[in-house]
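Asker: First, the structure itself, so that you have it in front of you.
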Amino acid sequence: MSIFADTIVPAGEPWMGVVRAGQRFTIVDLEGNQAVDTLFYNAADGHEHYCATTTIRAQGNIYLTTGSVLLSNRGRPLLRIVEDTCGRHDTLGGACSAESNTVRYALDKRHMHNCRDSFLLALARDGSGLTRRDLPSNINFFMNVPVTPEGGLTFENGLSAPGRHVELEALMDVRVLVSNCPQLNNPCNAYNPTPVRVVIRNGE
Ligand SMILES: [Zn+2]
């Protein structure tokens, strides 16, 4: 089995890579309860990207797990989740940012490391030409954001645990953009952000 990438991503760091059609992309939650903010783009055209609303509407479910097909803003399948030992991944909570830290928590949280800045840093380093305009609503792997009966969103303790993983099969060549979340103000990382492992390899 050929391994094309096998990287430990520390908490608070971004990571980018390209997964070719038919290859598998795996994220391992090494220590448990770690949110991994993730976006997918058509590797040949970054203006085609993961679209939360299209994906949710097609599958009739706001959560992602085994069998979920991630659709693009053009309605085309990007990847399929083929294995999931966590069972719950969020589509609604979005990426933390200086602005959301200020609104949700306090003005003095504005300086804290956040996923939106990590995304922007990765795009700037990559030279892909993608910018802040190309940051749609992201997936939060391993993050537990249930909707209350009143329709509210809550950030709850994670359902993940050390070693749990999610594996996706690429259905076209996709560029992956990850921010391993540094958030300290809610339980999405168990108040202790930890590293994750990302792996790209050929399919079975
Ligand atoms: Zn975050």
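The values are calculated or read from the model by the stated rules, or taken from the named source; none is laboratory data. Everything numeric here is computed off the predicted structure, so don't read it as measured data. No Cβ is skipped: glycine too gets one built from the backbone with ideal geometry, and neighbour counts run over all protein chains shown. To get the accessible areas, we keep the full protein, side chains included, count just its heavy atoms, and leave off ligands, DNA and RNA. Shrake-Rupley method; radii C 1.70, N 1.55, O 1.52, S 1.80 Å.
Asker: Need pairs with beta-carbon distance below 9 Å; first residue at positive phi and within segment 119-139, second surrounded by 11 or more Cβ atoms within 10 Å (Cβ to Cβ) and in a helix (DSSP H, G or I); sequence gap 6+ or separate chains.
Answerer: Taking only residues 6 or more apart or on different chains, the pairs are G129/L123.
Asker: Next up: Output the residue which, of all residues in segment 105-119 that are within 13 Å of the ligand (Cβ to nearest atom) and among the hydrophobic types (A, V, I, L, M, F, W, C), is farthest from the chain's Cα centre (by Cα).
Answerer: Selected residue: M112.
Asker: Can you tell me which residues in segment 75-116 are aliphatic (A, V, I, L, M), open to solvent by 30 Å² or more (accessible area, probe 1.4 Å) and not in a loop (DSSP other than H, G, I, E, B)?
Answerer: V82, V103, L107
Asker: (1) within 16 Å of the ligand (Cβ to nearest atom); (2) farther than 22 Å from R201 by Cβ; (3) in contact (Cβ under 8 Å) with a residue 24 or more places away in the chain; (4) of a type in the set (G, A, S): which one isn't true of A98, the others all being true?
Answerer: (3)
Asker: Sticking with this one: Which one of these does I62 not meet: (1) closer than 18 Å to C188 by Cβ; (2) in contact with a Leu (Cβ under 9 Å, 6 or more places away or on another chain); (3) of a type outside the set (S, T, Y); (4) open to solvent by less than 40 Å² (accessible area, probe 1.4 Å)?
Answerer: Here I62 meets the rest and fails (4).
Asker: If I filter segment 65-104 down to residues being among the polar types (S, T, N, Q) and closer than 21 Å to T154 by Cα, which single residue comes out as nearest to the chain's Cα centre (by Cα)?
Answerer: The qualifying residue nearest to the chain's Cα centre (by Cα) is T91.
Asker: I'd like to verify a number: residues in segment 65-74 that are touching a Phe, Trp or Tyr at 6+ places or on another chain (Cβ under 9 Å) and open to solvent by 20 Å² or more (accessible area, probe 1.4 Å), how many?
Answerer: 2
Asker: Looking at segment 60-74, which of its residues are closer than 26 Å to G163 by Cα and assigned to a loop (DSSP other than H, G, I, E, B)?
Answerer: Passing the criteria: N61, I62, Y63, T65, T66, G67, S68.
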